[in-house]
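Novice: Quick one: structure below, then a few questions.
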Amino acid sequence: MPVIHSENSLLNFYRASELHGGLILGQMVRRTRDPQLILELTRHSAEEIRHAQLWTETILEIGGNLAPVRDTYQARYVEAVGTPLSMLEVLALTQVFERRVYRHFTLHLRVPGIHPVVAATLRRMLEEERGHLSWVKHWLDEQAKVRGVEVRDVMRRYVIADQRIYDCLSTEYGLRWAA
Ligand SMILES: [Fe+2]
Ligand SMILES: [Fe+2]
């Protein structure tokens, strides 16, 4: 099954975005003394970087090529809402992103004629993304107990930005199945 150009670009975008996300989370480890948070961030970072590895292997396995990608989902967030700086901003944006990824990968998996290797990778990702969603949600819920308005506002702002970014990307990559 030949790899079409648009699919190759999309998979490279996934690869680059997983890596970028992992690097950001890894940097956040230095910003906390909370042992549980150190553990969760380190694990999450490692898994996103591993996802980048899995996409890299997937692209090679299906005969695609590793095109350099400077554009990532995270870079689009920065363009839209500025660089998230605090732990709350980074984790709120992570949660919005993870929800998006989960929905998007679920839709991608349903695309008729999807390459079986790509499908297998997506299935594996979805399993780990569930864990990412739940620990970050738990952390945000704890924060909301003491600064609920702040958490709600930042989430709302990011959800709006995310929808705009996703709509743009879906058009740019010609993803008629994205929603
Ligand atoms: Fe991931
Ligand atoms: Fe994730």
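Novice: Any chance you could count how many residues in segment 26-64 are outside any helix (DSSP H, G or I) and either within 16 Å of ligand 1 (Cβ to nearest atom) or in contact with a Pro (Cβ under 8 Å, 6 or more places away or on another chain) (or both)? So that I can check it myself, show each step before the final result.
Specialist: Narrowing segment 26-64 to residues outside any helix (DSSP H, G or I): 32-34, 62-64.
From what's left, either within 16 Å of ligand 1 (Cβ to nearest atom) or in contact with a Pro (Cβ under 8 Å, 6 or more places away or on another chain) (or both): 63.
Within segment 26-64, residues that are outside any helix (DSSP H, G or I) and either within 16 Å of ligand 1 (Cβ to nearest atom) or in contact with a Pro (Cβ under 8 Å, 6 or more places away or on another chain) (or both) number 1.
Novice: Restricting attention to segment 151-179, which residues are outside any loop (DSSP other than H, G, I, E, B) and in contact with a helix residue (DSSP H, G or I) (Cβ under 7 Å, 6 or more places away or on another chain)? Explain how you work it out, then say what you get.
Specialist: Here is the first cut: in segment 151-179, the ones outside any loop (DSSP other than H, G, I, E, B) are 151-172.
Answer for segment 151-179, where residues must be outside any loop (DSSP other than H, G, I, E, B) and in contact with a helix residue (DSSP H, G or I) (Cβ under 7 Å, 6 or more places away or on another chain): Val151, Val154, Met155, Arg157, Tyr158, Val159, Ala161, Asp162, Arg164, Ile165, Tyr166.
Novice: State which residue is surrounded by the most Cβ atoms within 10 Å (Cβ to Cβ) when the search covers only segment 102-122 and only residues that are in a loop (DSSP other than H, G, I, E, B) and touching a residue at least 40 places away in the same chain (Cβ under 8 Å).
Specialist: Just the residues of segment 102-122 that are in a loop (DSSP other than H, G, I, E, B), to begin with: 110-115.
From what is left, the residues that are touching a residue at least 40 places away in the same chain (Cβ under 8 Å) are 110-111, 115.
Values: Arg110: 10, Val111: 16, His115: 19.
So, considering only residues that are in a loop (DSSP other than H, G, I, E, B) and touching a residue at least 40 places away in the same chain (Cβ under 8 Å), the one surrounded by the most Cβ atoms within 10 Å (Cβ to Cβ) is His115.
Novice: Of Glu79, Glu89, Glu142, which residue is among the acidic types (Asp, Glu), buried (at least 16 other Cβ atoms within 10 Å of the Cβ), at pLDDT 95 or above and out of contact with any strand residue (DSSP E or B) (no Cβ under 8 Å at 6 or more places or on another chain)? So that I can check it myself, show each step before the final result.
Specialist: Numbers: Glu79 fails: buried (at least 16 other Cβ atoms within 10 Å of the Cβ); Glu142 fails: buried (at least 16 other Cβ atoms within 10 Å of the Cβ).
Selected residue: Glu89, the only one of Glu79, Glu89, Glu142 that is among the acidic types (Asp, Glu), buried (at least 16 other Cβ atoms within 10 Å of the Cβ), at pLDDT 95 or above and out of contact with any strand residue (DSSP E or B) (no Cβ under 8 Å at 6 or more places or on another chain).
Novice: Residue pairs, Cβ under 6 Å, 6 or more apart or interchain, first in segment 1-19 and assigned to a loop (DSSP other than H, G, I, E, B), second at pLDDT 95 or above and β-branched (Val, Ile, Thr). List them.
Specialist: Val3/Ile62
Novice: Can you tell me which residue in segment 102-118 is nearest to Thr42 (Cα to Cα), limited to those that are within 12 Å of ligand 2 (Cβ to nearest atom) and in contact with a helix residue (DSSP H, G or I) (Cβ under 6 Å, 6 or more places away or on another chain)? So that I can check it myself, show each step before the final result.
Specialist: First, the residues of segment 102-118 that are within 12 Å of ligand 2 (Cβ to nearest atom): 102, 104-105.
Now restrict to residues that are in contact with a helix residue (DSSP H, G or I) (Cβ under 6 Å, 6 or more places away or on another chain): 102, 105.
On the way: Tyr102: 20, Phe105: 23 Å.
Only one residue tops the list, namely Tyr102.
Novice: Can you work out which of the residues in segment 137-165 that are in contact (Cβ under 8 Å) with a residue 60 or more places away in the chain and either within 16 Å of ligand 1 (Cβ to nearest atom) or acidic (Asp, Glu) (or both) is farthest from Thr106 (Cα to Cα)? If you could, list the steps in order and put the result at the bottom.
Specialist: Step one: list which residues in segment 137-165 are in contact (Cβ under 8 Å) with a residue 60 or more places away in the chain, which gives 139, 150-151, 154-155, 157-159, 161-162, 164-165.
Those still in the list that are either within 16 Å of ligand 1 (Cβ to nearest atom) or acidic (Asp, Glu) (or both) too: 150, 162.
On the way: Glu150: 30, Asp162: 17 Å.
The selected residue is Glu150.
The values are calculated or read from the model by the stated rules, or taken from the named source; none is laboratory data. The structure presented is a predicted model; accordingly, all values stated were derived computationally and were not measured. So basically every Cβ, Gly included, is an ideal-geometry build from the backbone, and we count neighbours across all protein chains shown.
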